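Working notes, structure below.
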Amino acid sequence: MRTNHVVLVGLLSGAWLSGMAGCGGDDTAHNPSSSSSAAVSSSGAGGSSSSSSSGSSSSSSSSSSGTGGQGTGGEGGTGGAGPMGDWTCLGTVMWPAPVKATITLDASFVDFNSMAPFVGLTVKACAKADTACAAPLDTQTTDANGAVKLTVPTGTDGFDGYADITGPDIPNSIAFVFPYVGDDNAATVPMLSSGTLDAFAALTGVALDDTRGHIAAQVIDCSFTNPAPGVGVTASTADASSSQIYVKNNLPNGNATETDETGVTGIFNLPAGPVDLTGKVSSSSQTTGKITVLTRAKTITYTTLPPTP
């Protein structure tokens, strides 16, 4: 079983989902696949992280691709991860194929601030096309350790659905994992409590609209684990009622236009429904990745935004 500690990178008392696949491969294609296990930890605003070895579509790695040394990570460059992130894989990204038809997702849900387990949460594994999760692939309730085991099919590309998480003390939540998960996976998932979300909204001056949804996203570079600075993120459904912040100097900033070293952005009050998130390197307008996630009314959607094929 592959171990992937899915971590919420701290933004004051808020947090974002992270923990992705290591990026391996040769000079012509970057494929984040391996059979090794990994562990990631994070603390504070942006936090610090450590990891060992590379993983599959949702494991972590501390190494980055490239042929040597520090570099700018620009398209066609040869260096490793530099101050603006490692983008050497762009144009050659390949996500790994699943290794078996059915996998087990072993997740433990804990409070971000206290790390106490959330007991009694209902966790559903949902197909990507089932936006209401009307026909869950599996449904479990977190035990005394905040843990569940979900069994899901991988299809041809890996599990490309999401987790629907509801229960006492937390806002309704949705969690996506990119690249798609193709092997058994274990994760610890810190979650925001309802009180923490309200405090965060008050701090940023955002009035949360209960008819709309919110996204917490972290941009990842070609290492498939390192947060990427210098990237602007756009949401296809954002309108005049939506607000966006980036983390700057460990604080939320509504005037910033790109990620800092935490790779974190938050987009609030999006219309409910599917939304495309696109990342672009601000200095070059080079697209880093594009994913489709789901927003629902009065719900937080957690996701990472890695390089995409």
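For region 247-260, does any single residue satisfy the condition of being more than 24 Å from Val148 (Cβ to Cβ), in contact with a Lys or Arg (Cβ under 7 Å, 6 or more places away or on another chain) and not aliphatic (A, V, I, L, M)? There is at least one residue in region 247-260 that is more than 24 Å from Val148 (Cβ to Cβ), in contact with a Lys or Arg (Cβ under 7 Å, 6 or more places away or on another chain) and not aliphatic (A, V, I, L, M). For region 231-243, does any single residue satisfy the condition of being of a type in the set (D, E, K, R) and open to solvent by less than 40 Å² (accessible area, probe 1.4 Å)? Scanning region 231-243 turns up no residue that is of a type in the set (D, E, K, R) and open to solvent by less than 40 Å² (accessible area, probe 1.4 Å). Among the residues of region 288-298, how many are polar (S, T, N, Q) and without any contact (Cβ under 8 Å) to a residue 24 or more places away in the chain? Number satisfying all stated conditions: 1. Contact annotation: residue pairs with Cβ atoms under 6 Å, 6 or more positions apart or on different chains, pairing a residue in region 149-175 that is without any contact (Cβ under 8 Å) to a residue 60 or more places away in the chain and of a type in the set (Asp, Glu) with a partner that is part of a loop (DSSP other than H, G, I, E, B) and open to solvent by 10 Å² or more (accessible area, probe 1.4 Å), are Asp160/Lys128; Asp160/Tyr180; Asp169/Ser193. Going by the conditions given, is Thr292 hydroxyl-bearing (Ser, Thr, Tyr), modelled with pLDDT of 95 or more and not in a loop (DSSP other than H, G, I, E, B)? Judged against the criteria, Thr292 is a match. Pairing each residue of region 251-265 that is under 21 Å from Asp221 (Cα atoms) and open to solvent by less than 10 Å² (accessible area, probe 1.4 Å) with any residue that is of a type in the set (A, V, I, L, M, F, W, C) and outside any strand (DSSP E or B), provided the two are 6+ apart or on different chains, yields C-beta distances under 6 Å for Gly263/Ala228.
Residues of region 269-304 that are farther than 12 Å from Thr234 by Cα, buried (at least 24 other Cβ atoms within 10 Å of the Cβ) and not polar (S, T, N, Q): Leu294, Ile300, Tyr302.
Of the strands (runs of 3 or more DSSP E) lying entirely inside region 106-200, those containing at least 1 residues that are open to solvent by 70 Å² or more (accessible area, probe 1.4 Å), of a type in the set (Lys, Arg) and more than 26 Å from Val219 (Cβ to Cβ) are 147-153.
Scanning region 138-183 for residues that are over 18 Å from Thr304 (Cβ atoms), of a type in the set (Gly, Ala, Ser) and out of contact with any strand residue (DSSP E or B) (no Cβ under 6 Å at 6 or more places or on another chain) returns Ala144, Gly155. Does region 189-225 hold any residues that are at pLDDT 85 or above and among the polar types (S, T, N, Q), and which are they? Passing the criteria: Ser193, Ser194, Thr211, Gln218, Ser223, Thr225.
The values are calculated or read from the model by the stated rules, or taken from the named source; none is laboratory data. Note that this is a predicted model, so its numbers are computed, not measured. Positions of Cβ are generated from backbone atoms using ideal geometry, with glycine treated the same way; all protein chains shown enter the neighbour counts. Keep in mind that these areas ignore ligands, DNA and RNA; they rest on the heavy atoms of the full protein, side chains included. Shrake-Rupley method; radii C 1.70, N 1.55, O 1.52, S 1.80 Å.
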